[in-house]
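Read through the structure below, which is laid out as structure tokens, and then see the notes.
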Amino acid sequence: MGLAAAIGVMPVAAKPFASPPEDSLDRLAKAAGLIGFGSCIGSTKSTSVSGSFDDAGVRAIHQSECGLLVSSNEMKWPVLRPDAASFAFERADRIVAWGEQAGMKIRGHTLLWHRADRMPKWLVNYDFGTRPGHEAERLLREHITTVCGHYGSRLFTWDVVNETIDPATGKLRETVFTRHLGPAVIEIAYHAARAAAPSAVLVYNDYMTWTEASARHCDGVLELLASLKRAHLPVGQLGVQSHIGDGRCGEVDGDMRFDDAAQRRYRAFLDAVVAMDYRLAITELDVSEDGTPADIAARDAMLADLTRRYLEFMLSYRQLDYVLAWGMVDHHSWLQTRGPRADGMLKRPSLYDPNYAPKPMRTAIAQAFRTAKRG
Ligand code: XIL
């Protein structure tokens, strides 16, 4: 056993990257008036962002760049809830403890990923008995109360509900919970979260974007946010996931242009959100690259350019609180498993390359923070 393992310390990479950046992205974000910058990390082997927590080079990058952290999969029902009777906190606990040791502020993601295809099989097939509404509410409240209670004030914010608007219809998605509770499921979730995490900022998180194809999604999110306000629900922030770029794999539905028309459309959407008194956060930034050239320099330049323009636009909102990337390095990105590039090359959606070297996207983010003109 190595010394580090023997004394219970995570080993750090021998040579994570040649020269650590002068100013960390977290420091630059703070100088721009944000709470900070961070990223997800994960330890769930079956998926891709997965192994990142087990990669010492990635942990070293987080430690040098990030003041915020979120666990990519470990607080979701499929990992946390092996069955209706138990909770498996170990994986999430390791990540939270590590982030705390590194002095990071930690987000919770997510109490209710309200999509049937993201729920564990046992839940989808659950026998809700003779009083199904009662049992569905009990199960949901128990989950939220237990998970929020487990972490207490250690998490500063929670994505309470994630992705409940169906982009195709603009309406609530249908799940076992809506089958038995109707739209009240959303209200129950926020009330339970507020009771169990009284000081956390409660968030609605989704992946609506600027394309015309996303208009119904944006309208549905606005309708939801308005209804949450009317019901006096304690939701403080819209999480703008920001899986930007050109991709066609469900959560990614953008383009590389982000031209004037797109910016006008998206500004109208975000203006309506902040007019309802919601704060904003970028919660899952990465860039898809369908149709980009194989040439790495040309490709990186395109992805970095879109990132910079998008961040400049988002930073014009004084209501924007922070920026989180969905992974710091290319080779652990979840996008690697969401349909390969036509040429079979590794995708480059993140800030650092597989040699743990900073890429133009990292420079673009730093530049956007340095030149930020907050609204
Ligand atoms: C993704 C993870 O990164 C993957 O490892 C997993 O297989 C699926 O979920 N929107 C979200 C995140 O809110 O939770 C998703 O994370 C990416 C899209």
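The values are calculated or read from the model by the stated rules, or taken from the named source; none is laboratory data. Not measured: the values here are computed from a predicted model. Cβ sites come from the backbone with ideal geometry, for glycine too, and all protein chains shown count toward neighbours. For accessibility, only protein heavy atoms count, side chains too; no ligands or nucleic acids. Shrake-Rupley method; radii C 1.70, N 1.55, O 1.52, S 1.80 Å.
Starting from residues that are in contact with a helix residue (DSSP H, G or I) (Cβ under 9 Å, 6 or more places away or on another chain) and outside any strand (DSSP E or B), keep the ones in the range 153-169 and report whichever is nearest to PHE269 (Cα to Cα). Break it down stepwise before answering.
Taking the range 153-169 first, the residues in contact with a helix residue (DSSP H, G or I) (Cβ under 9 Å, 6 or more places away or on another chain) are 154-155, 158, 160-169.
Retained after the next criterion (residues that are outside any strand (DSSP E or B)): 154, 163-164, 166-169.
Values: ARG154: 32, GLU163: 17, THR164: 18, ASP166: 17, PRO167: 15, ALA168: 17, THR169: 17 Å.
For the range 153-169, the residue satisfying everything is PRO167.
Which residue pairs have Cβ atoms under 7 Å apart, sit 6 or more places apart or on different chains, and have a first residue in the range 145-166 that is on the phi > 0 side of the Ramachandran plot and a second that is outside any strand (DSSP E or B) and within 16 Å of the ligand (Cβ to nearest atom)?
So the pair list comes out as GLU163/HIS114; GLU163/ARG115; GLU163/TYR207.
Any idea which of ASP117, ASP54 is more than 20 Å from ASP26 (Cα to Cα), open to solvent by 40 Å² or more (accessible area, probe 1.4 Å), within 13 Å of the ligand (Cβ to nearest atom) and of a type in the set (Asp, Glu)?
Answer to the check: ASP117.
Which condition number does VAL323 fail, the rest of (1) closer than 23 Å to ARG59 by Cα; (2) within 14 Å of the ligand (Cβ to nearest atom) being met?
(2)
Residues checked against (1) under 27 Å from ILE41 (Cα atoms); (2) within 18 Å of the chain's Cα centre (by Cα); (3) modelled with pLDDT of 95 or more; (4) away from the ligand (no atom under 16 Å from the Cβ):
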{"position": "GLY239", "(1), (2), (3), (4)": "yes, yes, yes, no"}
{"position": "GLY247", "(1), (2), (3), (4)": "yes, yes, no, no"}
{"position": "ASP277", "(1), (2), (3), (4)": "no, no, yes, yes"}
{"position": "THR283", "(1), (2), (3), (4)": "yes, yes, yes, no"}
{"position": "MET314", "(1), (2), (3), (4)": "yes, yes, yes, yes"}
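The rows are residues; the columns are (1) in contact with a Lys or Arg (Cβ under 8 Å, 6 or more places away or on another chain); (2) under 18 Å from LYS171 (Cα atoms).
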{"position": "ALA213", "(1), (2)": "no, yes"}
{"position": "GLY220", "(1), (2)": "yes, yes"}
{"position": "LEU224", "(1), (2)": "no, yes"}
{"position": "GLY247", "(1), (2)": "yes, no"}
{"position": "ASP259", "(1), (2)": "no, no"}
{"position": "VAL274", "(1), (2)": "no, no"}
{"position": "LEU280", "(1), (2)": "no, no"}
{"position": "THR283", "(1), (2)": "yes, no"}
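Out of all the residues in the range 204-225, which are among the acidic types (Asp, Glu) and closer than 14 Å to LEU270 by Cα?
Restricting attention to the range 204-225, the residues satisfying the condition of being among the acidic types (Asp, Glu) are 206, 212, 219, 223.
Selection gives ASP206, ASP219, GLU223.
Would the range 105-119 turn up any residue that is free of Cβ contacts under 8 Å to residues at least 60 places away in the same chain and closer than 18 Å to ASP55 by Cα?
No.
Can you tell me which of (1) among the charged types (D, E, K, R); (2) within 16 Å of the ligand (Cβ to nearest atom); (3) open to solvent by 10 Å² or more (accessible area, probe 1.4 Å) is the one ASP295 doesn't meet?
Among (1) among the charged types (D, E, K, R); (2) within 16 Å of the ligand (Cβ to nearest atom); (3) open to solvent by 10 Å² or more (accessible area, probe 1.4 Å), the lone unmet condition for ASP295 is (2).
I'd like to verify a number: residues in the range 318-342 that are open to solvent by 20 Å² or more (accessible area, probe 1.4 Å), more than 19 Å from LEU34 (Cα to Cα) and modelled with pLDDT of 95 or more, how many?
Number satisfying all stated conditions: 0.
Regarding the range 62-79, can at least one residue be identified that is small (Gly, Ala, Ser), outside any loop (DSSP other than H, G, I, E, B) and surrounded by fewer than 20 Cβ atoms within 10 Å (Cβ to Cβ)?
Yes, some residue in the range 62-79 is small (Gly, Ala, Ser), outside any loop (DSSP other than H, G, I, E, B) and surrounded by fewer than 20 Cβ atoms within 10 Å (Cβ to Cβ).
Taking the conditions exactly as written (polar (S, T, N, Q), more than 16 Å from the ligand (Cβ to nearest atom) and either touching a Gly at 6+ places or on another chain (Cβ under 8 Å) or under 30 Å from ARG179 (Cβ atoms) (or both)), does ASN73 satisfy them or not?
Taking the combined requirement at face value, the residue does not satisfy it.
For the range 170-180, give me the residue count where each residue is surrounded by fewer than 20 Cβ atoms within 10 Å (Cβ to Cβ) and in a helix (DSSP H, G or I).
Residues that pass the stated criteria total 3.
For the range 211-229, check the following and say yes or no: at least one residue is in a loop (DSSP other than H, G, I, E, B), in contact (Cβ under 8 Å) with a residue 40 or more places away in the chain and either away from the ligand (no atom under 16 Å from the Cβ) or not aromatic (Phe, Trp, Tyr) (or both).
yes
Which residue pairs have Cβ atoms under 6 Å apart, sit 6 or more places apart or on different chains, and have a first residue in the range 324-337 that is without any contact (Cβ under 8 Å) to a residue 12 or more places away in the chain and a second that is surrounded by fewer than 24 Cβ atoms within 10 Å (Cβ to Cβ)?
Partner pairs satisfying both residue conditions: none exist.
Residues of the range 130-169 being open to solvent by less than 10 Å² (accessible area, probe 1.4 Å) and away from the ligand (no atom under 16 Å from the Cβ), which ones?
If the condition is that a residue be open to solvent by less than 10 Å² (accessible area, probe 1.4 Å) and away from the ligand (no atom under 16 Å from the Cβ), then ALA136, LEU139, LEU140, HIS143, ILE144, CYS148, TYR151 are the ones that fit.
Among the residues of the range 182-223, count how many are closer than 22 Å to GLY254 by Cα and open to solvent by less than 60 Å² (accessible area, probe 1.4 Å). Talk me through it step by step, then tell me what you get.
Kept after step one, since they are closer than 22 Å to GLY254 by Cα, are these residues of the range 182-223: 204-223.
Filter once more, so that each one left must be open to solvent by less than 60 Å² (accessible area, probe 1.4 Å): 204-211, 214-215, 217-218, 220-222.
Number of matching residues: 15.
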